[in-house]
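Undergrad: Structure incoming, see below.
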Amino acid sequence: MGDRNIDALLSEQRRYPPPPEFADANAGPGFYEQDPDAFWEREGRERVDWFTPFSTLREWTPPYAKWYLGGKLNACYNCVDRHVEAGAGDKVAFHWEGEPVGDRLAVTYADLQRRVVRFANTLKKIGVGRGTNVAIYLGMVPDLPVAMLACARLGAPHTVVFGGFSADSLASRINDMGCQVLITQDASWRRGRPLPLKPVADEAMTNAPGVRRCLVVRRTEVDTPMTAGRDLWYHEASAHVDDDAANCPCEPMDAEDPLFLMYTSGTTAKPKGIVHTTGGYLVGVATTHHYVFDIKQSTVYWCAADIGWITGHSYIVYGPLCNGVTSVLYEGTPDFPDKDRWWDIVERYGVTVLYTAPTAIRTHMKWGPEFARRHDLSSIRLLGSVGEPINPEAWVWYRTHIGGGRAPVVDTWWQTETGMILISPLPGVSTLKPGSAGRPFIGVTPSVVDDHGYPVTPGEGGFLVLREPWPAMLRGIHGDPSRYLATYWSRFPGDYLVGDGARVDDDGDYWLLGRIDDVMNVSGHRISTVEVESALVDDPTVAEAAVCARPDELTGQAIVAYVTLKGGRDGSRQAVATLRQHVAEKIGRLAMPANIVFTPELPKTRSGKIMRRLLRDIAEEGTLGDTTTLADPSVVEEIRTRAAAAA
Ligand code: ATP
Ligand code: MG
């Protein structure tokens, strides 16, 4: 047997110390020296308002944690009402930008309060109250955060399902959570055309008989089937409804009461319904948002994710609104009407913080920097990345072409389950390294261990685990307590198994190495997918790459690389040789792909993550696993054809 740990192959030497403009950052020198319990105690008391203060910081009986015990609060009150009461009613909560050009709306905190109250009172009319489970199937319209906050106001747990998911995916989430009410819209705008949602919701409801009522938000003019007795247009149902906050009090919730359920992206397996609570979650997301993104009064913040995944919940809705920030909310795709749409938005609103995913950055790389060059992006002060490991070349491209060669990039590592950012650089403290997620946030105690659970030596790769609980930690998998134990707590009892590989360097900075399920074993060496992919993306012709292993008689496993070239070009025989050579030079011959397949797209989840398990299924010529969260099923067929031709 070879090495039991993951071989760390890639070495990235570029360093970026904190720029002088961050001398007064929210997190400055000494930040990490604070006592974790004192820190979370203080943030708990000061960052959110409680109806009843908590009496105990936390209770930890592995694998179950509770935070801010005895406290009573309401997430909607913290995100909306208290800002209005404090005199910030005229501040813009979000600049909403519809996909059709010119379709815009500025929603102040006072507007938001009226909208949320009206929505909450309408929900009450159809029987929603404390403990009623509500499913929300909406695109990125203003009513999406409004509906979530209205649920939170009433103490009704919500689950938001991506506007692009199928009827089956929607029905299975509704049934799993036992939702009685569904909120949807007629159609959403997608690349200039209305994409009907209500018919998908109808199909889902035929398989989800528990839904009593369906509220339908009007977004377009398309004809929409309505079922009498069950379906209601929101604009009709809410027409004469009171929007005075005084007549719609915020339900006092226990810190440990559930706020929402969020299903994971389904990158590695069937999605899990993750339970998040009110107190610890809200404190966790607001606190990390404040420090990681260095939020000021004047910040114009844009998280360009979809609210339908955890990043949108924590860092579009609950964190930023709890902090009283002005944000941007964009409805459409980055290439409508042209590939410079994002940069037009950044310029128009003077965005100072932009938070997006490596997949989006690599897409912009593929299109080329000329689209960003059409606009003045000088307002940008800080950039963030989340969702996948960011390849160093994409990191540097982002800083150079979007960040004007000056804005720090914070690569934030976390999961649906963690609820909040757990590992990230801090812009006023950290010396940045492209490809590294920096240090654990205060109170977060990760460790990198080997097969037997023993910590590996610095520089070596292994399994990332978490030892102490954190405030926004999941409280379980809905309806499946045994899957909670099996997925996270059985491999190394007492430690939370993250499912990602990592290594720590001599400075204590973390480098994420991809999913442990995806680690490849070539001639006894365990090789991380991320490092080989980063070496490929380092080649100036490559926009994106994904690797996986196939069985090989000689080496046990051999590496297959799927590569997208910049400008979407096809690769030549020469290109194959050049790329293999490039990987050999960057990280060693061991990691050279045996096959390279050129493809215009990679299979991704709806949240933009590469699904390597499907590539593995293709490489092994096996049947495909769960594809319900795949963004575009036709990509898989295309790759299958190309892989067969390249073999
Ligand atoms: P499933 O759990 O259903 O397989 P998923 O893990 O993709 O899906 P998410 O919770 O959306 O579901 O994603 C969390 C994962 O995303 C992390 O475990 C990690 O693999 C990856 N990830 C997120 N941010 C980063 C980052 N900054 N660096 C590296 N990996 C990241
Ligand atoms: Mg996961």
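Values in this text are rule-based calculations from the coordinates and carry no lab data. All values reported here derive from a predicted model rather than from experimental measurement. Virtual Cβ from ideal backbone geometry, glycine too; neighbours counted across all protein chains shown.
Undergrad: Over all alpha-carbon pairs in the chain, figure out the percentage whose distance exceeds 43 Å.
TA: 19 percent
Undergrad: What does the extension gain come out to for THR400 and ASP517, with contour length at 0.36 nm per residue minus their alpha carbon separation?
TA: Contour length minus the Cα-Cα distance gives 38.8 nm.
Undergrad: Something else now. Taking amide H atoms as placed 1.01 Å from N in the peptide plane, list the residues 5 or more away in sequence, or in a different chain, whose amide H sits under 5 Å from that of PHE293.
TA: Excluding prolines and chain starts, which carry no amide H, there are no hits.
Undergrad: Report the antiparallel proportion of the DSSP beta bridges in the chain as a percent, rounded to a multiple of 5.
TA: So the antiparallel bridges amount to about 60 percent of the total.
Undergrad: Between LYS125 and ARG104, what is the label-to-label distance in nm when each label sits 7 Å out along the Cα-to-Cβ direction?
TA: 3.3 nm
Undergrad: Let me ask something else about it. Across region 532-541, in residue order, what do the Karplus-derived ³J(HN,Hα) couplings come to in whole Hz, using 6.51 cos²θ - 1.76 cosθ + 1.60 with θ = phi - 60° and x for Gly and Pro?
TA: 5, 4, 5, 5, 5, 5, 5, 5, x, 8
Undergrad: Using a cut-off of 13 Å between alpha-carbon atoms, which aspartates and glutamates can reach LYS125, once sequence neighbours fewer than 8 places away in the same chain are excluded?
TA: GLU236, ASP242
Undergrad: Something else: Helix 109-125 sits at what angle to the longest principal axis of the chain, using alpha carbons and giving 0 to 90 degrees rounded to 10?
TA: 70 degrees
Undergrad: Would you mind calculating the relative contact order of region 337-469 from Cα pairs under 8 angstrom and at least 6 residues apart, reporting the percent as a whole number?
TA: Taking the mean separation of contacting Cα pairs over the length of region 337-469, I get 17 percent.
Undergrad: Same structure again: Starting at the first residue of region 583-598, write each ³J(HN,Hα) from the Karplus equation 6.51 cos²θ - 1.76 cosθ + 1.60 with θ = phi - 60°, in whole Hz, x for Gly and Pro.
TA: Rounded to whole hertz, the list is 5, 4, 6, 6, 10, x, 5, 3, 8, 5, x, 6, 10, 10, 10, 8.
Undergrad: Pairing the Cα long axis of helix 358-367 with the longest principal axis of the chain, what angle in degrees results, from 0 to 90 and rounded to the nearest 10?
TA: Once rounded, one gets 70 degrees.
Undergrad: Compute the angle between helix 279-292 and the longest alpha-carbon principal axis of the chain, please, reported from 0 to 90 degrees and rounded to the nearest 10.
TA: The angle comes out near 60 degrees.
Undergrad: Whole Å is fine, so just give me how far the alpha carbon centre of region 49-92 lies from that of region 600-641.
TA: Each part reduced to its Cα centre gives a spacing of 41 Å.
Undergrad: Okay, moving on. Quick one: putting +1 on the C-beta of Lys and Arg, -1 on the C-beta of Asp and Glu, what dipole do you get for the chain around its Cα centre, in Debye to the nearest 20?
TA: Magnitude of the dipole: close to 640 debye.
Undergrad: Moving on. So what's the gap between the Cα centers of region 95-113 and region 487-513, to the nearest angstrom?
TA: Distance between centres, Cα-based: 41 Å.
Undergrad: Determine one quarter of the surface area of the Cα convex hull of region 287-430, which equals its mean projected area, and express it in nm² to one decimal.
TA: Details: hull surface 31.3 nm².
Reported value for the Cα convex hull: 7.8 nm².
Undergrad: Long-range amide H contacts for SER327: which residues qualify at under 5 Å (H placed 1.01 Å from N, peptide plane, sequence gap of 5 or more or a different chain)?
TA: PHE94, HIS95, TYR301
Undergrad: Next question, about the same structure. Report the extension gain between ARG573 and ARG193 in nm, rounded to one decimal, defined as 0.36 nm multiplied by the number of residues separating them, less their alpha carbon distance. Spell out each step's value before the answer.
TA: On the way: separation 380, 0.36 × 380 = 136.80 nm, distance 3.96 nm.
Here the answer is 132.8 nm.
Undergrad: With a ≥ b ≥ c taken as the square roots of the eigenvalues of the C-alpha gyration tensor of region 222-339, please select rounded if a/c is under 1.5 and otherwise prolate if a/b is larger than b/c or oblate if it is not?
TA: It is rounded, given that a/c, with a ≥ b ≥ c, falls under 1.5.
Undergrad: Suppose R0 equals 51 Å; then what is the FRET efficiency for GLN13 and ASN207 from their Cβ-Cβ distance, rounded to the nearest 0.05?
TA: Numbers: r = 54 Å, r/R0 = 1.07.
Taking R0 as 51 Å, the efficiency between GLN13 and ASN207 is 0.40.
Undergrad: List, largest first, the extents of the alpha carbons of region 356-410 along their principal axes, each in whole Å.
TA: Result for region 356-410: principal-axis Cα extents of 28, 23, 15 Å.
Undergrad: At GLU85 and SER378, where each label point lies 7 Å from the Cα along Cα→Cβ, what is the point-to-point distance in nanometres?
TA: 4.2 nm
Undergrad: So, R0 is 41 Å and r is the distance between the beta-carbons of LEU554 and GLU370; what FRET efficiency does that work out to, to 0.05?
TA: Calculated transfer efficiency: 0.35.
Undergrad: Now for a different question. Name the residues whose placed amide hydrogens come within less than 5 Å of the amide hydrogen of THR108, ignoring near sequence neighbours (fewer than 5 apart) on the same chain.
TA: Distant-sequence amide H within range of THR108: ALA93.
Undergrad: With a/c under 1.5 counting as rounded, go ahead and sort region 63-146 into rounded, prolate or oblate using the C-alpha gyration tensor (a ≥ b ≥ c being the square roots of the eigenvalues; past the cut-off, prolate if a/b is larger than b/c, else oblate). Let's see the in-between values first.
TA: Numbers: a/c = 1.79, a/b = 1.41, b/c = 1.27.
Prolate shape, in that a/c is at least 1.5 and a/b is the bigger ratio.
Undergrad: Once you have the Cα-Cα distance between THR333 and ARG230, take 0.36 nm times their residue separation minus that, and quote the gain in nm to one decimal.
TA: Extra length available between THR333 and ARG230 comes to 33.9 nm.
Undergrad: Sort MET148, MET177, MET473 by Cβ crowding within 10 Å, fewest neighbours at the top.
TA: So the ranking, lowest neighbour count to highest, is MET177, MET473, MET148.
Undergrad: Can you tell me how region 14-158 classifies by the Cα gyration tensor, rounded, prolate or oblate, using a/c under 1.5 as the rounded cut? Could you put the intermediate results ahead of the total?
TA: Numbers: a/c = 2.00, a/b = 1.22, b/c = 1.64.
It comes out oblate by the Cα gyration axes.
Undergrad: Looking only at region 129-209, where both bridge partners belong to it, what percent of the DSSP beta bridges are antiparallel (to the nearest 5)?
TA: 35 percent
Undergrad: Taking a temperature of 20 °C and a viscosity of 1.002 mPa s, what whole-number D in µm²/s does Stokes-Einstein yield for region 424-502 with Rh from Kirkwood over alpha carbon pairs?
TA: It comes out at roughly 152 µm²/s.
Undergrad: Can you work out the FRET efficiency for the pair ASN595 and ASP626, with r the C-beta to C-beta distance and R0 = 30 Å, to the nearest 0.05?
TA: Values: r = 25 Å, r/R0 = 0.84.
That pair, ASN595 with ASP626, gives E of 0.75.
Undergrad: OK, next. Report the Cα-based extents of region 505-604 along its three principal axes, largest first, to the nearest Å.
TA: So the extents along the principal axes, rounded to whole Å, are 38, 37, 28.
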